[in-house]
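K.L.:
One structure, pasted below without further comment.
The values are calculated or read from the model by the stated rules, or taken from the named source; none is laboratory data. Values in this document were obtained by computation on a predicted structure and should not be read as measured data. Counting neighbours? That spans all protein chains shown, and the Cβs are built from the backbone with ideal geometry, glycine included.
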Amino acid sequence: MKLNSKLLFVFFALSLFAEQKIGYIDSQKILAEYNRAQEIKDEFQGKVNEWKEEVNRRQQELEKLQKNLETQTFILTEEARMRKVQEIQQKKAALESYINDVYRKDGKAELLNKELMQPLLAEIDTVVSEIAKEEEFTFILDASTGVVIYAEDMYDITSRIIETLNRKYMPGVEGQEIEYYIFNFKEEDADSKSKKLGTIIKNLIGTGMKGLGDIFEQIKFDELTAAKTSLAIKDEEEVSENVSLAVQFLSMSGVDFIVIGRVWVETGNIFFEYSIVDKEKEKAVVTEEIEVGVEENLRDRIAENVIPEIAKLYK
């Protein structure tokens, strides 16, 4: 039997460390049985369905316009017919651009998948590392990659990983939830407004919060609306620039903490300042300014700075 070079390398490497403790996992099984992974899959599929519905709506609109043009060709003036032809061409181009924006490489679909999956994979890596250290494994291999041909079940820690993940991130029992809300960050200049950086930061923090587990629960929509109405808040940026108003919102809504902040662009570089305002202490317990650089760094800066601070305070 001829072994490929990949397997020969694995056998050679393992022979060098014969006295070491080696375990393995099946990452595909973990993704299939980890409850949070299914939630993320459903969330992604829901957005994909929205994109499909929008494409279908635009296609149906185009078909209707085309059919109307065909039936009215003989009664329209040449000028009116050309206007309709131009309208069809513009809508067709817009549809093609929309499809390209969503499905191209590095398009909305691919970026959303990365945004949702990166925190999840980080959670799994953390649990694998923790168990490996506890059990004093030197190596953990992944059977789903094909490098593990045979191993005794005693070295398979897949089930332990799944159980630990589901236990760690299971929904909290009643009374243990930590309720929060993230306000749109105030956009302080034309560049940040044109890029809608305040909303992007809010959404990225929201995505990061999901990785902290189900003990964190965002305020319900009707409660949010009631609190905003009571305080006459018409624009979320009103809160993001006013800690006193933020404290009033906490008192009115009953949430445990909120995140507010501002974002601006200087000489092409993005900066943002965030504050975590706590209900019990009735003040901002953390305020920090972050230099981001380019927009692509936003996700990493939030994952490295904002989310760990929230975890340290409340988890």
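K.L.:
So which of Glu291, Glu309 is closer than 18 Å to Lys186 by Cβ, in the same structural domain as Ala190 (by TED's automatic domain parsing), of a type in the set (Asp, Glu) and surrounded by fewer than 19 Cβ atoms within 10 Å (Cβ to Cβ)?
P.N.:
On the way: Glu309 fails: closer than 18 Å to Lys186 by Cβ.
Answer to the check: Glu291.
K.L.:
For the subset of the stretch 116-145 comprising residues that are charged (D, E, K, R) and surrounded by fewer than 16 Cβ atoms within 10 Å (Cβ to Cβ), which member is nearest to Lys210 (Cα to Cα)?
P.N.:
Step one: of the stretch 116-145, the residues charged (D, E, K, R) are 123, 125, 130, 133-136, 142.
Next, from what is left, pick out any that are surrounded by fewer than 16 Cβ atoms within 10 Å (Cβ to Cβ): 125, 130, 133-136.
Details: Asp125: 16, Glu130: 20, Lys133: 26, Glu134: 26, Glu135: 28, Glu136: 30 Å.
Once the filter is applied, the top-ranked residue is Asp125.
K.L.:
Another question, then. Tell me the helices (runs of 4 or more DSSP H) entirely within the stretch 204-315 that contain at least 2 residues that are out of contact with any helix residue (DSSP H, G or I) (no Cβ under 9 Å at 6 or more places or on another chain) and closer than 21 Å to Ile178 by Cβ. Talk me through it step by step, then tell me what you get.
P.N.:
Details: elements: 221-230, 237-240, 243-253, 298-301, 307-314.
Qualifying helices (runs of 4 or more DSSP H): 221-230, 243-253, 307-314.
K.L.:
Still on this structure: Based on what the data block shows, is Val148 in a loop (DSSP other than H, G, I, E, B), touching a strand residue (DSSP E or B) at 6+ places or on another chain (Cβ under 8 Å) and either crowded, with 19+ Cβ neighbours inside 10 Å or not hydroxyl-bearing (Ser, Thr, Tyr) (or both)? Walk me through it before giving the result.
P.N.:
Details: in a loop (DSSP other than H, G, I, E, B): yes; touching a strand residue (DSSP E or B) at 6+ places or on another chain (Cβ under 8 Å): yes; either crowded, with 19+ Cβ neighbours inside 10 Å or not hydroxyl-bearing (Ser, Thr, Tyr) (or both): yes.
Spelling it out, Val148 is indeed in a loop (DSSP other than H, G, I, E, B), touching a strand residue (DSSP E or B) at 6+ places or on another chain (Cβ under 8 Å) and either crowded, with 19+ Cβ neighbours inside 10 Å or not hydroxyl-bearing (Ser, Thr, Tyr) (or both).
Here's the yes/no breakdown for (1) in a helix (DSSP H, G or I); (2) at negative phi; (3) of a type outside the set (Gly, Ala, Ser); (4) under 22 Å from the mean Cα position of the chain (by Cα):
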site: Gln90; (1), (2), (3), (4): yes, yes, yes, no
site: Leu95; (1), (2), (3), (4): yes, yes, yes, no
site: Glu110; (1), (2), (3), (4): yes, yes, yes, yes
site: Leu120; (1), (2), (3), (4): yes, yes, yes, yes
site: Ala132; (1), (2), (3), (4): yes, yes, no, no
site: Met154; (1), (2), (3), (4): yes, yes, yes, no
site: Glu179; (1), (2), (3), (4): no, yes, yes, yes
site: Ser192; (1), (2), (3), (4): yes, yes, no, yes
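K.L.:
Only residues that are buried (at least 18 other Cβ atoms within 10 Å of the Cβ) and over 26 Å from the mean Cα position of the chain (by Cα): list them for the stretch 233-248, please.
P.N.:
Passing the criteria: Ile233, Val247.
K.L.:
If you take the residues of the stretch 259-284 that are without any contact (Cβ under 8 Å) to a residue 40 or more places away in the chain and under 18 Å from Gly208 (Cβ atoms), which of them is surrounded by the most Cβ atoms within 10 Å (Cβ to Cβ)?
P.N.:
Step one: filter the stretch 259-284 for residues without any contact (Cβ under 8 Å) to a residue 40 or more places away in the chain, giving 266-269, 271, 273, 275-282.
Those left that are additionally under 18 Å from Gly208 (Cβ atoms): 273, 275-277.
Values: Glu273: 17, Ser275: 19, Ile276: 20, Val277: 25.
If we take residues in the stretch 259-284 being without any contact (Cβ under 8 Å) to a residue 40 or more places away in the chain and under 18 Å from Gly208 (Cβ atoms), then Val277 is surrounded by the most Cβ atoms within 10 Å (Cβ to Cβ).
K.L.:
On the basis of being modelled with pLDDT under 95, surrounded by fewer than 20 Cβ atoms within 10 Å (Cβ to Cβ) and of a type in the set (Phe, Trp, Tyr), does Phe221 make the cut?
P.N.:
Details: modelled with pLDDT under 95: yes; surrounded by fewer than 20 Cβ atoms within 10 Å (Cβ to Cβ): yes; of a type in the set (Phe, Trp, Tyr): yes.
So Phe221 fits the description; yes.
K.L.:
Let me ask something else about it. If Ile140 passes every condition in (1) more than 30 Å from Ser253 (Cα to Cα); (2) in a helix (DSSP H, G or I); (3) modelled with pLDDT of 85 or more; (4) of a type in the set (A, V, I, L, M) but one, which one does it miss?
P.N.:
Evaluating Ile140 over (1) more than 30 Å from Ser253 (Cα to Cα); (2) in a helix (DSSP H, G or I); (3) modelled with pLDDT of 85 or more; (4) of a type in the set (A, V, I, L, M) leaves (2) as the failure.
K.L.:
Here is a follow-up. Does Gln45 count as at negative phi, surrounded by fewer than 16 Cβ atoms within 10 Å (Cβ to Cβ) and within 15 Å of the chain's Cα centre (by Cα)?
P.N.:
When the stated conditions are applied, Gln45 passes them.
K.L.:
A further question on this structure: From (1) loosely packed, with under 12 Cβ neighbours inside 10 Å; (2) in a helix (DSSP H, G or I); (3) modelled with pLDDT under 85, pick out the condition that doesn't hold for Glu63.
P.N.:
The number of the failed condition is (3).
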